[in-house]
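So the structure is just underneath, and the comments pick up after that.
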């Protein structure tokens, strides 16, 4: 296996790596970058816990080869709050609505919410549920997560 | 047990910038090479150890393969166009509603952003949601090879479960859908266990309507046979006829009889056979309504 | 103006752990990383039942990997769940076995520098198996001539021969059931089934272990009990407990799956000790699904009832298929008896339970611990009886439920107490208004394709497992509350939080008791060396038991605080009070009736330090003498598509009687989550096994183990939650638990709703569309044939 050189921006920071072709983006982020907010939940694209934004679009990092995102702009959950720690309104909403229980699905949910609100500043409840249907939560029944996202609408 | 947390398989990864380069790689590596687009099928297959290529050749850096354009000849979707973009393109054309519905139902936003229509077709799953709509919309695929290209009807492209009529040195470049011929209504529905899930069964219908007459009708079902299937018997029953409930019931019975479902982890043969008839009627009615008013 | 007299209890406040979780900074076990750490993986059996003839790890070791098999680990037989007393603990496992009893059971393990290398090494281990005949059905397993999973196991320190693959058996009775049934005007008997559900917690089981220079170990495991993990590891590996430190790490969901020490933990410790380097072992999702599941049940339920709806007798007989290991089947059977007895009053009763070994993933507690299963049967049966007698389902429940002032069984027959708070009636009456119960139509009147039905279900769970005398299970919590020199407070407890806000509640209890603003009360990081024993955060005991110990520790600290304060302001300590002053963030000690004598807690603590009086703290080990029921009521509306058999929940009301509700928003969140999992249990979830290979038909992948998504649940405005207005005198500030109650009544309510929609009684969960459609077709056929005579077409298969 031949390692290849790749570079990308991760949460605004320019990074470069020598990676083996079979490196998954999820593991690159978690291991090389120690950005452990992105979670391994199933590895087969079923739970959404590994969601990150690549060039502004949510993808499943457990099914993405690192080499495939050479040159891309990546946003993980760690990059959502401002550098000084000020929370994004979505994050505030999740806290205010008690939409977080064990917290394992939260990073994926926040990123999906961010994507939705970027594209549709005032989503209906149906649109919210459609948008997060690929993200599993075992704790909350989704009720407060949907509420939190709805409260961010204009 | 397989490991889904890391990719244990080892391979070299190639990023050709042109089709010509891609063909060279395929020629060089032959059976040891596998083409990859969005990765939503290939990466799981690698994890499940269903395939073991030594070389992955990504098509995603080849310019032109993700273009989508519409002209008088119809809609051309580049094989590497993301499902999300294909869906948006279909949204603009009312007659393509079946494909739009199907792409929308594929499920997660993330998969829509990663997966490609070409990839979905080349994987050729019997349950692939994009195939029944392409069957009823007379979709065609273009397969390029080192010296030229050929087109195939979708029906001829998928020949068996996970089997596409594509040679090792061919690469799909485009999916073509003929233009909406007016008074065309189409629709798609799937039945699954939960919202974002592989289909237990799916159905697509495209029809031409003239007042209360069904001028012509194409019906296809997915996940109820080794390949997604047109039900020509039912189509013939309806073609040219004045629509009424009895006729629709007859067609539904023909659909039910014409499929070859199995029992698997998702559902049973009996259920699929019974519900195929129900879903067919639901889809037909939706398509009928979209083709110009209520039944 | 609100009528909440508390400053912290019952108030909604931002979660302390919330910030870390919403920014991705929370570190779960799989996020723990140590210098020089090795990665590990377990080689798993491809056979459902086989002897291990030999394990050859030489080729793997050549790659530089450290390998272990059963030869390398002390052959201590243990039960990974350490909650029961030794005499009642069934021990059938070792860290790694010499005989495998289910597909996916760990056989050997490997640690190496990278995950890729680990996998390569794993593939080079050569294991020779001698496959044995396997059995997957509990009734087949009990037949003569069935494959034998265990010749014998250990119960306490005695060898217990195992016959007919029966892991354990329990029988309980009161009165004379034959007499009771004879007195009845109507006897109803049915068989119910619940599925082999998977916990589906989002974080797979994981562990990191670092071997220490002094021969000890430090462990970061997914667990619900750091102390039980510590004690078990100390015993297995013969390390003094003072050298075994287990850290509390946030867990990504548990639902009971980490009550027992998870299987990777001891394996990881063994690897770490051999490698003399830190080792990290994280299960893949598939391994996790082969690792544990909910107890599936077959329940035969017989009730005798008078014409006026009063129960005269009840008999519940159950067979529980526990899979390849006995984790907590004996207490489960006792609990199932307890749930049965405490749902509805029966002058005469009998319970019989058999737990049976089969070659499948081992079952363990999952939210409710037999209660959702028993309640599914009981709540369905109550509706069946109500219809036969022409009594409203709510009325028959009101007539028979075990409530205020009555004796109720805790977690089994040996613990009984009197109910001192009860909101059952309030919840039924208010819930029925919200759902629109009176507008329910009978199924016969429903003829459209899509039919809706409303069902009720009620239940309870015990708040913990406390009792006035020592019993079969250990239950107590140790807590320390310490007042810092600036008036802020540290709370130390080995309680865990699974996400429901247990530690939040603990902080609020301490804040309330000490009169300190909540912001200044911190929950300290916790490990086994710096905390006293807490049995486990399970059995819905977090707030009621754990919170109570924190309250008492705070009370002790307060006593000392007042004593020191009295030295400074010269007031008798008994006369002092505290109130929280938000502006300064301090608790202010004062003498009621005068402004002249007050001093902040911080000032007292500081003076105590300067004058050398000491640190103000309270340490308490507390056992609750009771485990009062937290009651729950669900009203669920479903819609059935009679042409496809599909059922979806459309509206729901979930109410709980948790006494004083400490975290209202988190408590509501528990109800909402419980609804989702309960509906999943009722309609969707099960794991099946291939009878040829013994493999899960879904392979362990979430691709084919489905759980509901956001799009499958009802809209926000169609789910209502509320709390009963009750106060539990024995609970901290009147609180009881909620955790497991949230899930117990849902499946029964769903089955009742389905009946109300289509007039078919489904007695086996999950109620999948395939069966629904078959039953609907059969019913319409029967109706055609018999002109409407009611026969139940669903055979419950």
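We did not get these values from a lab; they are worked out from the coordinates using the rules stated. Note that this is a predicted model, so its numbers are computed, not measured. Using ideal geometry, Cβ is built from the backbone for each residue, glycine included, and neighbour counts are taken over all protein chains shown.
So here's what we get for this one:
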quantity	calculated
Bins of 5 Å, starting at 0 and running to the largest distance - Cα pair percent for the stretch C:19-162	2, 9, 13, 15, 16, 15, 11, 10, 6, 3, 1, 0
Test item: A:73-83 mean partner chain Cβ contacts at 10 Å	2
Debye equation applied to the C-alpha atoms of the stretch C:650-797, log10 I(q)/I(0) at 0.12, 0.17 Å⁻¹	-0.68, -1.02
Average other protein chain Cβ within 10 Å of Cβ, residues A:50-59	4
The stretch C:458-539, relative contact order [Cα under 8 Å, separation at least 6], %	36
Whole-angstrom gap from the stretch B:66-130 to the stretch B:155-179, using each part's C-alpha centre	15
Alpha-carbon Rg/Rh ratio, for chain B, with Rh computed the Kirkwood way	0.99
Relative exposure of C:690, A:84, C:475, judged by other C-beta atoms within 10 Å (fewest first)	A:84, C:690, C:475
For the protein assembly as shown, alpha-carbon Rg and Dmax in angstrom	31.2, 103
Approximate shape of the stretch B:212-269 as ellipsoid semi-axes (Cα gyration tensor, √5λ), whole Å, largest first	25, 11, 7
Centroid-to-centroid separation of the stretch B:246-295 and the stretch C:102-116 [C-alpha atoms, Å]	47
Set of the stretch C:232-251 residues, backbone N closer than 15 Å to the point 7 Å along the Cα-Cβ line of residue C:214	C:239-246
Reduced Cα scattering model of the stretch C:576-691, Debye log10 I(q)/I(0), q = 0.10, 0.17, 0.20 Å⁻¹	-0.66, -1.03, -1.14
Computed Kirkwood radius, in angstrom, where 1/r is averaged over Cα pairs of the stretch B:88-226	15.5
Neighbour-count order for C:482, C:736, C:128, fewest beta carbons within 10 angstrom listed first	C:128, C:482, C:736
On Cα atoms only, tilt of A:106-119 relative to the major axis of chain A in degrees	80
Mean shadow area of the stretch C:116-190, taken as a quarter of the surface of its Cα convex hull (nm²)	11.3
Cβ-derived FRET efficiency at R0 45 Å, residue C:569 paired with residue B:265, nearest 0.05	0.05
Percent of Cα-Cα distances greater than 21 Å, calculated over chain A	43
For A:124-133, mean number of other protein chain Cβ atoms within 10 Å	5
Rh (Kirkwood; distinct C-alpha pairs) - the stretch A:82-133, Å	11.8
Simple spin-label estimate for residue C:725 and residue B:212 in nanometres, 7 Å along Cα-Cβ	6.3
Ratio Rg/Rh [Cα only; Rh per Kirkwood] for the stretch C:412-472	1.22
Volume per residue of the C-alpha convex hull in the stretch C:173-247, rounded to whole Å³	186
Taking N as its residue count, the alpha carbon Rg of the stretch C:253-343 over 2.2 N^0.38 Å	1.66
Additional length obtainable on full extension of the chain from residue C:406 to residue C:27, 0.36 nm per residue less Cα span	131.9 nm
Residues residue B:54 and residue C:98, FRET efficiency given R0 of 51 Å [Cβ-Cβ distance, rounded to 0.05]	0.85
Percentage, to the nearest whole number, of Cα pairs in the stretch C:348-426 over 21 Å apart	47
Pairwise centroid distance, computed over Cα atoms, of the stretch A:1-66 with the stretch C:621-679, Å	38
Size-normalised alpha-carbon gyration radius of the stretch C:153-293, reference 2.2 N^0.38 Å	1.49
Estimated FRET transfer efficiency when R0 is 51 angstrom, pair residue A:1-residue C:434 (beta carbons, to 0.05)	0.25
Taking C:15, C:41 and counting other C-beta atoms within 10 Å, the order from fewest to most	C:15, C:41
Relative contact order for chain C, counting Cα pairs under 8 Å that sit 6 or more residues apart, in percent	15
Cα-only radius of gyration and Dmax that characterise the stretch A:21-67, units Å	9.6, 24
Two-site label geometry, residue C:13 and residue B:27: point separation in nm, points 7 Å out along Cα→Cβ	7.3
Cα-only radius of gyration and Dmax that characterise the stretch C:460-536, units Å	13.9, 44
Added length on full extension, which subtracts the Cα-Cα distance from 0.36 nm per residue, residue C:529 to residue C:783	84.6 nm
Debye equation applied to the C-alpha atoms of chain C, log10 I(q)/I(0) at 0.11 Å⁻¹	-1.24
Relative contact order (%) - criterion: Cα under 8 Å, at least six apart; region: chain A	23
